[in-house]
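So the structure is just underneath, and the comments pick up after that.
The values are calculated or read from the model by the stated rules, or taken from the named source; none is laboratory data. The structure displayed is predicted, hence computed values, not measured ones. FYI the Cβ positions are ideal-geometry reconstructions off the backbone, even for glycines, and counts take in every protein chain you see. Each accessible area value is taken on the protein alone, full model and side chains, heavy atoms only, with ligands, DNA and RNA left out. Shrake-Rupley method; radii C 1.70, N 1.55, O 1.52, S 1.80 Å.
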Amino acid sequence: MDLITTTSELAAACGRLARHKVITVDTEFLRETTYYPLLCVVQMASADEAVVVDALAPGVDLKPFFELMSDEAVLKVFHAARQDIEIVWHLSGTIPHPIFDTQVAAMVLGYGDSIAYDALVDRVTGHRPDKTHRFTDWSRRPLTEEQIVYAVSDVTHLREVFAALDADLKKRGRSDWVSEEMEVLTSPKTYDFHPERAWERLKTRVRKPRELAVLIEVAAWREQEAQSRDVPRSRVLKDDAVGDIATHAPTSLDKLGNLRSLPKGFERSKWGTDIIAAVQRGLARDQASLPKLEKPRNNANGAATVELLKVLLRMTSERHGVASKVIATVDDLEQIAASDQADVGALHGWRRELFGEAALKLKHGQLALAIDKGRVVRVDRG
């Protein structure tokens, strides 16, 4: 297997691949020490060939690859595509389309929640991929013959997996379900991430508008700092420290230094002043313009409703052979318990038909759950 290291070789390979209706794609990248993923290797395959591209080769221009990813006449098949798409979006400003994600398809077909690539290949084809090089340093050069063989195997086995899953989806009438998921996965909104929305990633639960205002500003500062330095967010400030700052809102370096979540002496660094400025911006925000804080859902009746919805979800998942995670999350269930108009996936599209309508009926006593011969069953009450 020859390794593609020049733009002309890449253009020729992409030209050949573009003649096929379906190709498989994977990438190898590093992200441990950077904010943006470092693309190291691209591997692609058609029914006729497989190619490996050295994305770090001196002088190579990846434009032919990006053009192929945007070719509407070619279906691009990935497994767990989100990070691969994010890389293409960051480097080219375009999003691969149309795509097919075998991990999503597998969830729709009942293979479990977020099944790993090697496990899926094993279950579909009976082949057990060698994952020895999964955590190899793909930025080191030269690439070894073993690494290249590993990269090729990822996209060649994927051809068989796609064929089997696609046929099963069509047989069960679920192709449209996957298509709905692909529209979300290929939406620019999914990847066009702005610093002012960085707080949404945090699991920190703030309870007061004042705390939320500070959280928004401090999280935005951390995001901008991580982007400008191209380092992971945690290298700038850990999540628990961001939450701690939001809760205590220190307005002086001395107060900042009293927070136990920050390293000793951090307040004397050049970032101490920046954080205080972010806190002050948060405190100065108009609280009426802030996003609405979710109301606590910890009352007894609400918790009981969520538990019943969990049983219904599991029963639906098992009956229809669909991974429960792709139907609804626990957060979805909590929001449904709180509001019939919750803007969650479980109340839209095929999920609503499969589960959402029943969930609302259960919530309002129009549907009950019972045990019949050791199995949970639904009882419609009109």
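Among residues of region 245-257 that are assigned to a helix (DSSP H, G or I), those with a beta-carbon under 9 Å from a residue that is hydroxyl-bearing (Ser, Thr, Tyr) at least six positions away or on a different chain give the pairs Ile245/Ser261; Ala246/Thr204; Thr247/Thr204; Leu253/Thr273.
Inside region 262-284, can you point out the residues that are part of a loop (DSSP other than H, G, I, E, B) and open to solvent by less than 40 Å² (accessible area, probe 1.4 Å)? Result: Leu262, Gly265, Ser269. Remark: pairs (first residue in region 51-73, in the same structural domain as His90 (by the TED database) and open to solvent by less than 10 Å² (accessible area, probe 1.4 Å); second residue in a helix (DSSP H, G or I) and aromatic (Phe, Trp, Tyr); Cβ separation under 8 Å; 6+ apart in sequence or on different chains) = Val53/Phe65. Looking at region 5-15, is at least one residue open to solvent by 20 Å² or more (accessible area, probe 1.4 Å), in contact (Cβ under 8 Å) with a residue 12 or more places away in the chain, in contact with an Asp or Glu (Cβ under 6 Å, 6 or more places away or on another chain) and assigned to a helix (DSSP H, G or I)? Looking through region 5-15, at least one residue is open to solvent by 20 Å² or more (accessible area, probe 1.4 Å), in contact (Cβ under 8 Å) with a residue 12 or more places away in the chain, in contact with an Asp or Glu (Cβ under 6 Å, 6 or more places away or on another chain) and assigned to a helix (DSSP H, G or I). Take Lys170 and decide whether it is free of Cβ contacts under 8 Å to residues at least 24 places away in the same chain and within 19 Å of the chain's Cα centre (by Cα). No. For region 1-21, a residue qualifies if it is in contact with a helix residue (DSSP H, G or I) (Cβ under 7 Å, 6 or more places away or on another chain) and closer than 24 Å to Arg82 by Cα, and the qualifying residues are Leu10, Cys14, Leu17, Ala18.
Yes/no matrix, rows are residues, columns are (1) touching a strand residue (DSSP E or B) at 6+ places or on another chain (Cβ under 8 Å); (2) at pLDDT below 90; (3) under 17 Å from Met315 (Cα atoms); (4) not assigned by the TED database to the domain that holds Lys325:
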| residue | (1), (2), (3), (4) |
| --- | --- |
| Ser339 | no, no, no, no |
| Val344 | no, no, no, no |
| Gly349 | no, no, no, no |
| Glu353 | no, no, yes, no |
| Lys361 | yes, no, yes, no |
| His364 | no, no, no, no |
| Lys373 | no, yes, yes, no |
| Val376 | yes, yes, yes, no |
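Taking into account only those residues within region 162-201 that are in contact with a helix residue (DSSP H, G or I) (Cβ under 7 Å, 6 or more places away or on another chain) and within 30 Å of Val242 (Cβ to Cβ), which is surrounded by the most Cβ atoms within 10 Å (Cβ to Cβ)? In this case the residue turns out to be Trp199. Would you check if there is a residue in region 225-246 being more than 30 Å from Val88 (Cα to Cα) and of a type in the set (Asp, Glu)? Yes: region 225-246 contains one or more residues that are more than 30 Å from Val88 (Cα to Cα) and of a type in the set (Asp, Glu).
Does Tyr150 meet the test of being buried (at least 16 other Cβ atoms within 10 Å of the Cβ), without any contact (Cβ under 8 Å) to a residue 40 or more places away in the chain and more than 30 Å from His194 (Cβ to Cβ)? So Tyr150 passes the test. Among the residues of region 285-308, are any open to solvent by less than 20 Å² (accessible area, probe 1.4 Å), closer than 23 Å to Asp176 by Cα, touching a helix residue (DSSP H, G or I) at 6+ places or on another chain (Cβ under 9 Å) and not assigned by the TED database to the domain that holds Gly110? Looking for residues that are open to solvent by less than 20 Å² (accessible area, probe 1.4 Å), closer than 23 Å to Asp176 by Cα, touching a helix residue (DSSP H, G or I) at 6+ places or on another chain (Cβ under 9 Å) and not assigned by the TED database to the domain that holds Gly110, one finds none in region 285-308, hence no.
So that you can scan it fast, the table gives a plain yes or no per residue for (1) among the acidic types (Asp, Glu); (2) in a helix (DSSP H, G or I); (3) within 25 Å of Gln83 (Cβ to Cβ):
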{"residue": "Asp176", "(1), (2), (3)": "yes, yes, no"}
{"residue": "Glu181", "(1), (2), (3)": "yes, yes, yes"}
{"residue": "Lys189", "(1), (2), (3)": "no, yes, yes"}
{"residue": "Glu200", "(1), (2), (3)": "yes, yes, yes"}
{"residue": "Arg205", "(1), (2), (3)": "no, no, no"}
{"residue": "Leu212", "(1), (2), (3)": "no, yes, no"}
{"residue": "Glu217", "(1), (2), (3)": "yes, yes, no"}
{"residue": "Glu223", "(1), (2), (3)": "yes, yes, yes"}
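When Glu196, Glu211, Glu217 are screened for being in contact with a Lys or Arg (Cβ under 6 Å, 6 or more places away or on another chain) and farther than 29 Å from Cys40 by Cβ, only Glu217 passes. Pairing each residue of region 111-140 that is farther than 14 Å from Phe162 by Cα with any residue that is of a type in the set (Phe, Trp, Tyr) and open to solvent by 40 Å² or more (accessible area, probe 1.4 Å), provided the two are 6+ apart or on different chains, yields C-beta distances under 8 Å for Trp138/Phe29.
When region 325-362 is filtered for residues that are among the β-branched types (Val, Ile, Thr), surrounded by 15 or more Cβ atoms within 10 Å (Cβ to Cβ) and without any contact (Cβ under 8 Å) to a residue 60 or more places away in the chain, the ones remaining, listed by number, are Ile327, Thr329, Ile336, Val344. In region 225-244, the residue that is nearest to the chain's Cα centre (by Cα) out of those that are under 17 Å from Lys203 (Cα atoms) and assigned to a helix (DSSP H, G or I) is Arg233.
Listed here are the residues, each with its yes/no results for (1) modelled with pLDDT of 95 or more; (2) small (Gly, Ala, Ser).
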residue: Leu30; (1), (2): no, no
residue: Gln43; (1), (2): yes, no
residue: Ala50; (1), (2): yes, yes
residue: Lys76; (1), (2): yes, no
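The strands (runs of 3 or more DSSP E) located wholly in region 16-132 that include 2 or more residues which are among the acidic types (Asp, Glu) occupy 22-30.
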